[in-house]
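Below is one structure, written out as structure tokens, with a few remarks after it.
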Number of protein chains: 2
Amino acid sequence: MFEMIASPVKVAHLLMGNKIGPGATVIDATVGNGYDTLFLAEAVGVVGRVYGFDIQAEAIENTKLRLLKEGLLERVLLFHEGHENLAHRVTENIDGIMFNLGYLPGGDHRVITKPSTTIMALEGALKLLKPGGLATVVVYPGHEGGADEAQALDEYVAHLPKNTYSCVKITFVNRSRRSPYVLAIEKAQ
Amino acid sequence: MFEMIASPVKVAHLLMGNKIGPGATVIDATVGNGYDTLFLAEAVGVVGRVYGFDIQAEAIENTKLRLLKEGLLERVLLFHEGHENLAHRVTENIDGIMFNLGYLPGGDHRVITKPSTTIMALEGALKLLKPGGLATVVVYPGHEGGADEAQALDEYVAHLPKNTYSCVKITFVNRSRRSPYVLAIEKAQ
């Protein structure tokens with residue numbers, strides 16, 4: 001029904017789509033069912049590279065199938081491990097990284113991303129970001145534990161040095177108070 | 001230093017630039033020194049149309065000169081009157097509208113946009129918006145009277161019906177608390 005400001009995920013795609021192009025190196029920190037991974041794989045083109053992480057085997061499997069179906073699996077390196085390890089696995093600098101937090105839709109809702117590991121992952125990702133690079137985080141304050149994660153992230157991002165990072169919070173203001181929102185962090189050039 | 005998330009004005013341009021293209025009909029509700037007007041005039045191409053409003057003669061003059069210099073004045077209809085009149089002046093439906101509130105940079109800082117007329121203008125603009133159209137508002141809570149205007153706008157936008165309008169507030173979270181921010185409103189298709 002809405003084209004551009006349809007959902008936090010769409011807004012994150014809009015921002016990232018304006019930042020990266022063919023040849024980009026990017027990370028999907030939480031591949032989940034692979035929608036962001038597919039979006040990134042399309043955006044980086046044949047010479048680009050996507051790294052994907054997920055702690056759940058089901059998510060890795062779903063994502064692999066989705067990419068195979070679209071013929072894009074060869075652009076993507078999938079790691080079945082938590083995103084807090086991404087700085088150990090990815091040794092090149094990146095143009096962008098996307099996080100989509102919370103639980104796996106259709107999966108076990110008790111398995112959720114946690115404040116400490118999410119912030120560890122984001123911290124590692126920001127170090128990997130090239131000058132001018134972009135990180136997006138879709139945050140879900142609504143489920144149990146989600147509000148704590150949201151608060152921890154808000155505080156972390158609010159304290160990033162303003163000369164190195166420009167950070168916005170994008171909230172949907174005419175929806176319920178605990179609607180998911182986007183944090184976007186651009187690194188200075 | 002920042003390319004994409006550099007300022008509220010840049011973010012508004014990013015959103016509007018992803019929405020409109022050649023042939024679009026748009027409004028600059030507050031032409032000021034003409035930066036948004038110029039951006040819109042470039043975006044709508046030779047077959048598009050821009051309507052511009054400002055209550056200050058100085059703003060209209062500055063904008064006219066800027067457009068003339070770029071050879072784009074013929075795409076723009078300028079009205080030297082308050083934006084609360086826009087619904088009386090513009091009789092066709094529009095693809096987008098941009099507001100940049102507060103005072104005229106370099107002008108008389110006592111002349112500021114006011115909550116009641118700003119909301120009247122926004123209300124009129126939303127009626128003119130085509131399905132799928134976009135409104136952006138850059139809001140300045142920092143100057144005297146700015147916080148009241150910001151609060152009135154936040155409340156107005158938070159109460160727009162969610163099936164007809166998707167509304168986001170984009171705040172710069174690692175800058176001062178009273179930093180300018182963006183409201184963006186997309187009309188359902």
In segment B:173-187, accessible area falls by at least 30 Å² from chain alone to full assembly (1.4 Å probe) for B:Val173, B:Asn174, B:Glu186
Inter-copy label distances at A:Glu42 (7 Å, Cα→Cβ; nm, one decimal): 2.8
Just A:Val76, A:Val47, A:Val168 to compare: in a GNM of chain A, with alpha carbon springs under 10 Å, which one fluctuates most? A:Val47
Provide the percentage of antiparallel DSSP beta bridges, counting only those with both residues in segment B:8-187; round to the nearest 5. 45
Out of A:Gly48, A:Ile185, A:Leu67, whose Cα points farthest toward the positive end of the dipole of chain A (charges: +1 Lys, Arg; -1 Asp, Glu; placed on Cβ)? A:Ile185
Just to confirm my numbers, what's the Cα centroid distance between segment A:103-173 and segment B:8-46 in Å? 31
Local net charge near B:Phe2, Cβ-Cβ under 12 Å (Lys/Arg +1, Asp/Glu -1): +3
Result for the protein assembly as shown: accessible area per residue, probe 1.4 angstrom, in square angstrom, of 43
Residues other than A:Asn85 with Cβ under 13 Å of its Cβ, Lys/Arg counted +1 and Asp/Glu -1, net out at -3
Helix runs (DSSP H) in chain B reaching 15 Å along axis by Cα, Kyte-Doolittle at least -1.0: B:8-19, B:57-69, B:115-128, B:146-158
Could you pull the copy-to-copy label distances for A:Glu61, with points set 7 Å along Cα to Cβ, in nm to one decimal and sorted shortest first? 7.3
Which value, to two decimals, describes the C-alpha radius of gyration of segment A:64-143 once divided by 2.2 N^0.38 Å? 1.19
Hey, what number do you get for chain B at 222 nm if only DSSP H runs of n ≥ 4 count, each worth -39500 (n - 2.57), divided across all residues, to the nearest 500? -10500 deg cm²/dmol
Pick out which of B:Leu78, B:Leu15, B:Leu134 has the largest mean-square fluctuation in a Gaussian network model of chain B, springs linking Cα atoms closer than 10 Å. B:Leu15
Percent antiparallel among DSSP beta bridges confined to the protein assembly as shown, rounded to 5, stands at 50
At 1.4 Å probe size, with the rest of the protein present, what percent of the exposed accessible area of the protein assembly as shown is carbon and sulfur atoms? 51
Considering the rotational relationship between chains B and A, which residue of chain B contributes the beta-carbon of minimal distance to the axis, and what is that distance to the nearest Å? B:Ile170, 3
In terms of modelled amide H atoms, which long-range or inter-chain residues lie less than 5 Å from the amide H of B:Ile27? B:Tyr51, B:Gly96, B:Ile97, B:Met98
How far is A:Arg177 from the same spot in each other copy, in nm, shortest first, if each label point sits 7 Å from Cα toward Cβ? 1.9
For chain B, set up a Gaussian network in which alpha carbons nearer than 10 Å are linked by springs, and say which option among B:Ile60, B:Ile112, B:Ile97 fluctuates the most. B:Ile112
Global form of the protein assembly as shown, assessed from the alpha-carbon gyration tensor, a/c cut-off 1.5: prolate
Quick one: ranking B:Glu3, A:Glu149 by accessible area, 1.4 Å probe, largest first, what do you get? B:Glu3, A:Glu149
Which of the lysines could be linked to A:Lys187 by a straight reach, that is with a Cα gap under 29 Å, when you skip same-chain ones fewer than 8 residues away? A:Lys10, A:Lys19, A:Lys114, A:Lys127, A:Lys130, A:Lys162, A:Lys169, B:Lys10, B:Lys19, B:Lys169
Which percent of Cα pairs goes in each bin when the distances of segment B:96-155 are cut into 5 angstrom slices starting at zero? 4, 18, 28, 22, 15, 8, 3, 1
What distance in nm separates the two pseudo spin-label positions at B:Asp148 and A:Lys114, each 7 Å out from Cα along the beta-carbon direction? 5.0
Evaluate the Kirkwood expression for the hydrodynamic radius of segment B:8-187, namely the inverse of the mean inverse distance over all pairs of different C-alpha atoms, and round to one decimal in Å. 16.1
Could you size up the charge dipole of the protein assembly as shown around its Cα centre, putting +1 on the beta carbon of Lys and Arg and -1 on that of Asp and Glu, and report it in debye to the nearest 20? 120
Rounded FRET efficiency, nearest 0.05, which uses the C-beta distance separating B:His80 from A:Gln189 and R0 of 35 Å: 0.35
Could you please report the charge total around B:Ile20, scoring K, R as +1 and D, E as -1 over all other residues with beta-carbon less than 14 angstrom from its beta-carbon? -1
How many Å² of accessible surface get buried when A and B come together, counting both sides, probe radius 1.4 Å, rounded to the nearest 100? 3100
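The values are calculated or read from the model by the stated rules, or taken from the named source; none is laboratory data. Here the structure is a predicted model, which is why all the values come from computation and not from measurement. Glycine also receives a Cβ, built like all others from the backbone with ideal geometry; neighbour counts cover every protein chain displayed. All accessible areas refer to the heavy atoms of the entire protein, side chains included, with ligands and DNA or RNA removed. Shrake-Rupley method; radii C 1.70, N 1.55, O 1.52, S 1.80 Å.
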